[in-house]
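A short worksheet on the structure shown next.
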Amino acid sequence: TTDAMLQTGFDAIVRLLDVVSFRLWAAALVFLVGLVVALLIGRVTAGTLRRVGIPGAIEGTEFERTAREFDTSTVTIISRLVAYLTVAVFGFAALSIFGTGYVDRFWSDVAGFLPQLFVAFLVALIGLIVGDKVELVVADRLKSVKLPQTGALPTAAKYSVFYVATLVALSQIGVETLSLVVLLAAYVLAVIVLVVVAFQTMLASAAAGVYLLLQQPYGIGDEVHIAGNSGIVKEIDLFVTHVESDDDVYIIPNAKVFRGGIVRVRS
C-alpha cells in the first residue's frame with residue numbers, strides 16, 4: 001500500500017513537471033515571438049512616420065531639439081513606445097500561459113487599462129510636439145508684426161495645445177476632467193481677451209499706417225521726432241515705423257505715431 005501511494009505521488013509529480021515544463025516552454029515561445037513582433041512593429045512605425053514626413057514637420061521644435069540632445073529623435077521615441085507596448089502585451093500573455101494565478105487576475109485588470117494608458121501617453125506626447133510646432137508657425141507668421149502685444153501669442157497658442165492634449169490624455173485613463181474643463185474655459189477666455197487687446201492695437205496701427213503711407217507726412221531718410229524719440233526714418237510699413245539714431249533703432253507702432261504727432265526736422 002505504501003509503495004502504491006509513493007508510486008502514485010511520483011506519477012503525479014512527473015505529470016506536474018511535464019505540465020510546468022510545457023507551459024514554461026510555451027510561455028517562453030510566446031515571449032520570444034513578442035520580441036520579434038515588437039521589433040518589426042517598431043521598425044514599421046518608424047518607417048511610416050518618416051514616409052509621411054513627420055521628421056521634417058517637427059524639425060526645430062523644442063521637443064525634437066531635446067530629443068536630439070539625448071542622441072535620439074521623436075520618431076525613435078514613438079516607435080520604441082509602440083514596440084514596448086507590444087512587448088508588454090506579449091509578456092503578460094506569456095505569464096498568463098505559464099499559469100501564474102495572480103498574473104491572470106492582474107491581466108484581467110491591465111488588459112483594458114494598458115491600451116488606455118498607452119493612448120494617453122501618446123496623446124500627451126503628440127500634444128507636446130504639436131504645441132511646439134504651433135508656437136513656431138505662429139511666431140513665424142507674426143514675425144513681420146513688430147508689436148509687443150503679439151509676443152505672447154505664440155506661447156499662448158503653444159500652451160493651449162498642451163492643455164487640450166492633457167485633458168484628452170487624462171480622460172483616456174478615467175480621470176475626472178470637469179474641473180480641468182472649467183479651467184480650460186477660463187484659460188480660453190483669457191486668451192481671447194489677450195488676442196482682442198493685441199489685435200486692437202494691430203488694427204489701430206494698421207489704420208494709422210494706411211494714413212501715413214497715403215499722406216506721407218514723412219519719408220525714408222527724414223529726420224523726425226516721434227513719441228519722444230528722435231532719429232532718421234529707415235523704414236515705414238503698415239504697422240510700425242523704424243527710426244534710427246546714432247546709438248539705437250526705435251520701432252514705433254503707427255498708432256502711437258498717429259496719436260503723438262510727428263515733428264519733421266527741416267534740413
Taking the stretch 60-85 only, how many residues are part of a helix (DSSP H, G or I), of a type outside the set (A, V, I, L, M, F, W, C) and in contact with a Pro (Cβ under 9 Å, 6 or more places away or on another chain)?
-> 2
When the stretch 229-247 is examined, which residues are found to be under 15 Å from residue 260 (Cα atoms) and more than 43 Å from the chain's Cα centre (by Cα)?
-> 230
Could you check residue 66 against (1) modelled with pLDDT of 75 or more; (2) within 30 Å of residue 236 (Cα to Cα) and say which number it fails?
-> (2)
Can you list the strands (runs of 3 or more DSSP E) found entirely within the stretch 202-249 that contain at least 1 residues being touching a helix residue (DSSP H, G or I) at 6+ places or on another chain (Cβ under 9 Å) and open to solvent by 60 Å² or more (accessible area, probe 1.4 Å)?
-> none
Might you let me know whether the stretch 185-192 holds any residue that is small (Gly, Ala, Ser), at pLDDT 70 or above and assigned to a loop (DSSP other than H, G, I, E, B)?
-> no
Look through the stretch 169-179, keep the residues that are surrounded by fewer than 16 Cβ atoms within 10 Å (Cβ to Cβ) and aliphatic (A, V, I, L, M), and return whichever of them is modelled with the highest pLDDT.
-> 173
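The values are calculated or read from the model by the stated rules, or taken from the named source; none is laboratory data. Quick caveat: nothing in here was measured; it's all calculated off a predicted structure. Every residue, glycine as well, gets a Cβ built from its backbone with ideal geometry; the counts of neighbours run over all protein chains shown. In case anyone asks, the SASA skips ligands and DNA or RNA and just uses the protein heavy atoms, side chains included. Shrake-Rupley method; radii C 1.70, N 1.55, O 1.52, S 1.80 Å.
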